Each structure stands twice: as structure tokens, then as C-alpha cells.
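S.K.: Handing you a structure now.
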Amino acid sequence: MRFLPRLLGLGLLSLLVLLVMSCETTKQTTTEFGSPNRIKGEVIAKPESRQIVHFTDSTTEYTTPRSELATAFIKEFGDGTVVDKVQVRKAPVGADQPVSYFLIGMGLRNGMFRAMALPLTAGGDNTYYLRPGAERYILTSLGCTSCFFNFENGRIVSTSCSENSGGSRCDLKVEVANSLFAAR
């Protein structure tokens, strides 16, 4: 009879251990885009960042479709600019500097060329992300059929007009953050 309380206590302890072990150890979360992610003990990219592109030896793979990027650029401009071309461009850098890339959306507003460039952040393994805190470089044409971003040491420093006619220019405005994929 002495063994009965011990046996009962051991059985309850075993049952408690089994219950604790059978509990799910993953945590269900929702990203800013509404899709659930499972987190299982490994660190994932910051949820506020959005994976844009992955480079392999021979190809550029857009992990976010270009059509989705164009729609996001249209919303980011918010002034009637229609973006019809999206690209990732490698910025020229010096020999000892790390490679930098920009996500660029181009289009028209009232017949005038517009473009927006956002720097991408390297995430390792040739994958690049867009951070909400990344600055926006907004280019507006006044009389130019197209404008270009001018780079220096991996950064956008100015713009230039495609033709050299009097009164034509490209204006550059820099904003401190973006809301390209923020929930609205």
C-alpha cells in the first residue's frame, strides 16, 4: 500500500510532463502583409522589411512580383503618377566599397516623366530587402522626356535630363522614409 501513493504521484507527474511536451512550441504571428508565419527558434528577416530580389550567378529573381511593385509605387506617389516600369539597378561604387542596389519605379504624370528610387538592404545570400526606413529619391521632369539618377559611391547625388534643351530640368526630392508596403 505504500507504493500506491508514490505510483499515483508518479503517474500524475508523467501525465503533466506529457501534457507540457505535447503543447505546440511554435508561435503563430501575422506579418504586416496579413499572412501568418511560423517562428521556430530561428531569426527571420525583420517583419517590417520586404524581400524584393534575389540574385543568382546568372539571373535576377524578383521575389516580389514586378506588377505588385508597380502598384505599390503608384500608391506611394499618390498623385496620379502611373508607374509602368520597375527595375533593380546596381549603383556604381568604388573598388573597396560594398555593392549597393536601388529599386526604381518609372512612369508618367500628366505626360511628364517621374521616377522613384529606394535603396535596398543586403540580407545575405544575395537577397535584398526594402526597409520602411529607407529614404525615397523622387525625380520629377520639367520638359525632359526622361531623367536619370546620378550615382556617386553607391548613393544618388543628383539627376540629369536626357536632352539638353533650354528650360528643361529634372528635380530631385529626398524623403526620409517610405511606406511602399505599409498597411494603409
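S.K.: Given the residues GLY166, GLY123, GLY111, GLY143, which is the only one that is closer than 15 Å to VAL53 by Cα and either surrounded by fewer than 14 Cβ atoms within 10 Å (Cβ to Cβ) or in contact (Cβ under 8 Å) with a residue 24 or more places away in the chain (or both)? Lay out the reasoning, then the answer.
M.R.: Values: GLY166 fails: closer than 15 Å to VAL53 by Cα; GLY111 fails: closer than 15 Å to VAL53 by Cα; GLY143 fails: closer than 15 Å to VAL53 by Cα.
Exactly one residue qualifies, and that residue is GLY123.
S.K.: If I filter the range 138-149 for residues that are of a type outside the set (Phe, Trp, Tyr) and within 16 Å of ALA72 (Cβ to Cβ), do I get at least one hit? Write out each step before concluding.
M.R.: Our first condition is that a residue be of a type outside the set (Phe, Trp, Tyr); within the range 138-149, this holds for 138-147.
Still in the running and within 16 Å of ALA72 (Cβ to Cβ): 138.
The answer is yes; a qualifying residue exists.
S.K.: Continuing with this model, one more query. If you scan the range 92-121, which residues turn out to be small (Gly, Ala, Ser) and closer than 16 Å to ILE138 by Cα?
M.R.: Within the range 92-121, GLY105, GLY107, ALA115, ALA117 meet the criteria.
S.K.: While we're here: Inspect all residues belonging to the range 8-24 and state whether any of them is assigned to a loop (DSSP other than H, G, I, E, B) and either on the phi < 0 side of the Ramachandran plot or at pLDDT below 55 (or both).
M.R.: The first filter runs over the range 8-24 and keeps only residues assigned to a loop (DSSP other than H, G, I, E, B), leaving 23-24.
Among the residues that remain, those that are also either on the phi < 0 side of the Ramachandran plot or at pLDDT below 55 (or both) are: 23-24.
Yes.
The values are calculated or read from the model by the stated rules, or taken from the named source; none is laboratory data. Values in this document were obtained by computation on a predicted structure and should not be read as measured data. Cβ atoms come from the backbone with ideal geometry, glycine included; neighbour counts cover every protein chain shown.
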